[in-house]
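Before any comments, here is the structure.
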Amino acid sequence: MRLFTLGARLETAAGFIPSGASVADIGTDHARLPIWLVKTGRCTHVTASDIADIPVQRARENVARWGVSDAVRVVQCAGFDAIAPGSFTHAVICGMGGDTISEILAAAPWIKGARCTLILQAETAARRLREFLYAQGYTICEEIPVLDGRRVYSVMLVRSGADPHRDDPFFARLSAPLLTHRNEAARLYAARAKKSLTREMQGMAPGSAAYREASAFLTRMEEWEAQNA
Ligand SMILES: C[S@@+](CC[C@H](N)C(=O)[O-])C[C@H]1O[C@@H](n2cnc3c(N)ncnc32)[C@H](O)[C@@H]1O
């Protein structure tokens, strides 16, 4: 059976995983990433977890179908609830809302001391996820904007430690590492952030502190856009 391709979004997440890493894939659904990591020889053991019955059943079936049951352990739990600290070097949480990702991390505060690397991709509320990460003492070491089909995503590499940009709320909208990318995906990601800010400003009283802050953000986004046109 020829191995499937992951698609740009999960391929970017996989790109953060070095050879020999032990991985926990939280919210694995079809277990595509764990199967791919094992079948390509990148990893020898992966824990694939999901909270819901049907994804867990689907993950188990796929793992068996691809003959990797010895290497991929499928568990049913919320977040990291059934995953032992120290059992992984890299945790992947992709394809969920930013608030859910924050809740999963908040419920496992030991992660920060575990010296592991987090690979995160929020479908929604990425700004709130960045706010959570900065407030909780995580650093966004890298954030790659990705075009996958017609959609633009971003995949973050996060480690424990105070982020140098944590006190500037602009970087919750667009992280500093993301802004170092100068390609179509970065331009589309920034354009989306600008659109959302412009919409928010429509509900603000002109002259208010919030409006002035938002205007200053908009100017910074436009300056970045002008440099990256
Ligand atoms: C859209 S799928 C993403 C699958 C895969 N990670 C990806 O990025 O393609 C989201 C999965 O997260 C699971 N999920 C949602 N909340 C969760 C939680 N708190 N803990 C573990 N899994 C969760 C859902 O059941 C679902 O299977």
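Bear in mind that the values in this text are calculations on the coordinates, not laboratory data. Bear in mind the structure is a predicted one, so any value in this text is a computation, not a measurement. Cβ atoms come from the backbone with ideal geometry, glycine included; neighbour counts cover every protein chain shown.
For this structure, a couple of remarks:
- Other residues whose C-beta falls under 13 angstrom from the C-beta of LYS39 contribute a net charge of +3, scoring Lys and Arg +1 and Asp and Glu -1.
- With the gyration tensor restricted to C-alpha atoms of segment 182-229, the semi-axes of the equivalent ellipsoid amount to 23, 11, 5 Å, longest first.
- Cα-only Debye scattering, the chain: base-10 log of I(q)/I(0) at q = 0.07, 0.10, 0.18 Å⁻¹: -0.24, -0.48, -1.31
- Eigenvalues of the alpha-carbon gyration tensor of segment 37-164, scaled by 5 and square-rooted, set the equivalent ellipsoid semi-axes at 25, 17, 15 angstrom, largest first.
- Cα coordinate range in segment 137-191, projected on the principal axes (Å, largest first): 34, 19, 15
- Every pair of different Cα atoms in segment 1-111 enters the Kirkwood calculation, which places the hydrodynamic radius at 13.9 Å.
- Each Lys or Arg adds one and each Asp or Glu takes one away; over the other residues whose Cβ falls under 12 Å from the Cβ of TRP224, this sums to +2.
- Computed on segment 47-115, the Cα convex hull volume stands at 92 Å³ per residue.
- Calculated on C-alpha atoms, the gyration radius of segment 136-227 divided by its Kirkwood radius gives an Rg/Rh of 0.99.
- Among MET96, MET204, MET156, a tally of other beta-carbon atoms within 10 Å of each Cβ gives an order, fewest to most, of MET204, MET96, MET156.
- With R₀ set to 30 Å, the beta-carbon distance separating GLN76 from ARG151 gives a calculated FRET efficiency near 0.55.
- Against the empirical curve 2.2 N^0.38 Å, the C-alpha radius of gyration of segment 1-42 lands at a ratio of 1.08.
- Farthest positive-ward along segment 43-171 dipole, Cα basis, beta-carbon charges - from ALA71, ALA91, ILE144: ALA71
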